[in-house]
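Below is one structure, written out as structure tokens, with a few remarks after it.
Values in this text are rule-based calculations from the coordinates and carry no lab data. Bear in mind the structure is a predicted one, so any value in this text is a computation, not a measurement. Positions of Cβ are generated from backbone atoms using ideal geometry, with glycine treated the same way; all protein chains shown enter the neighbour counts.
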Amino acid sequence: QYIETLQEPIAASIAYGLTSRKTQGYWFGFDLGGGTFDAALMRVIDGIMKVEDTAGDTMLGGRDIDYAIVDSIFIPYLSEHYQIGKLLSNNHGRQFLREALKWIAEETKVRLSKESHCNVVTDEPIGTDDNGEEMELDIKITLPDFQKAVSPIYQRALNISNELLRKHNLQGSDLETVILVGGPTYCQSLRSMLKEQLSQNIDTSMDPMTCVSQGAALYA
């Protein structure tokens, strides 16, 4: 039995291509998922798509954004309001705390994808500090706070993308469209960085969470 596989940004491009009126030029798939980043450079000639090249990082994704929020915002807050020096000095204790905070960071990330600020207040204690005191979060996070924490993660993906273009002697201005794939690409901060550093031609006409499945189904 023969089974052909597609990279996710390529499958997404097939879905976009079904309704797009752009039948010439270079397309770029920017796929930032939960655990990996994939970039695909494609060339469309008379409506026929050809994959020119791909790049990516298997250790770069949404979870890195979550941990960046934990390490840059939540843990400093807890360090200021509680005694957690011993907890942080223990690798097991630090990792347990990071995991306990990760799901809160994920919710924060989703809210700040569209909002200018959010209040993070925990309903139940996260755990106890070195003195046995129960720890809670009660913090207002602004969009600049969020951007400062997560921009290095986004920059890694942008650096990979621009290096892929340079490899083919292209610039962002040569791209007809940039196709977004994956939940993290909803983020307003990332989209601003994409427009500043990659291309103004960002296509948001399809849902980044479903375009891969739609393209794969069309291909099948």
Where both partners of a DSSP beta bridge lie in the chain, what percent of those bridges are antiparallel, to the nearest 5? 75 percent
What lysines could a cross-link reach from Lys86, if we take a straight Cα to Cα line under 21 Å and drop same-chain neighbours fewer than 8 places away? Lys102
How do 103-113, 201-211 rank on mean C-beta neighbours within 10 Å, highest first? 103-113, 201-211
Within straight-line cross-link reach of Lys195, lysines at Cα separation under 17 Å, skipping those fewer than 8 residues along the same chain: Lys114
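For the range 35-104, what is the convex hull (Cα atoms) projected area averaged across all directions, in square nanometres? Display every interim value, and only then the final one.
Details: hull surface 26.5 nm².
Taking a quarter of the hull surface, the average projection is 6.6 nm².
Sorted from largest to smallest, which semi-axis lengths in Å does the alpha carbon gyration tensor of the chain give for its equivalent ellipsoid, taking the root of 5 times each eigenvalue?
Working: eigenvalues 304, 57, 46 Å².
Semi-axes (√(5λ), whole Å): 39, 17, 15.
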Using a Gaussian network for the chain with springs between C-alpha atoms less than 10 Å apart, which of these wobbles most: Tyr154, Tyr82, Tyr67? Tyr82
Under 14 Å Cα to Cα from Lys167, which aspartates and glutamates show up? Leave out anything in the same chain fewer than 8 places away. Glu52, Asp53
With Cα springs under 10 Å, the Gaussian network model of the chain assigns the largest mean-square fluctuation among Arg98, Arg21, Arg43 to Arg21
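Roughly what percent of Cα-Cα pairs across the range 1-80 reach past 17 Å? Write down the numbers at each step before the final one.
Numbers: 1832 of 3160 pairs.
The calculated P(r) of the range 1-80 puts 58 percent of pairs beyond 17 Å.
Report the full-extension gain for the segment Gln197 to Met59: residue separation times 0.36 nm, less the Cα-Cα distance, to one decimal in nm.
Computed gain between Gln197 and Met59 is 47.5 nm.
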Specify the residue with the greatest mean-square fluctuation among Leu18, Leu180, Leu97, computed from a Gaussian network of the chain linking alpha-carbon atoms under 10 Å apart. Leu18
Theoretical ellipticity at 222 nm over the chain - DSSP helices of four or more residues, -39500 (n - 2.57) apiece, nearest 500: -13500 deg cm²/dmol
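What whole-number volume per residue, in cubic angstrom, does the convex hull of the C-alpha atoms of the range 130-220 give? Please report the intermediate quantities before stating the final value.
On the way: hull volume 16.6 nm³, N = 91.
In the range 130-220, the Cα convex hull volume per residue is 182 Å³.
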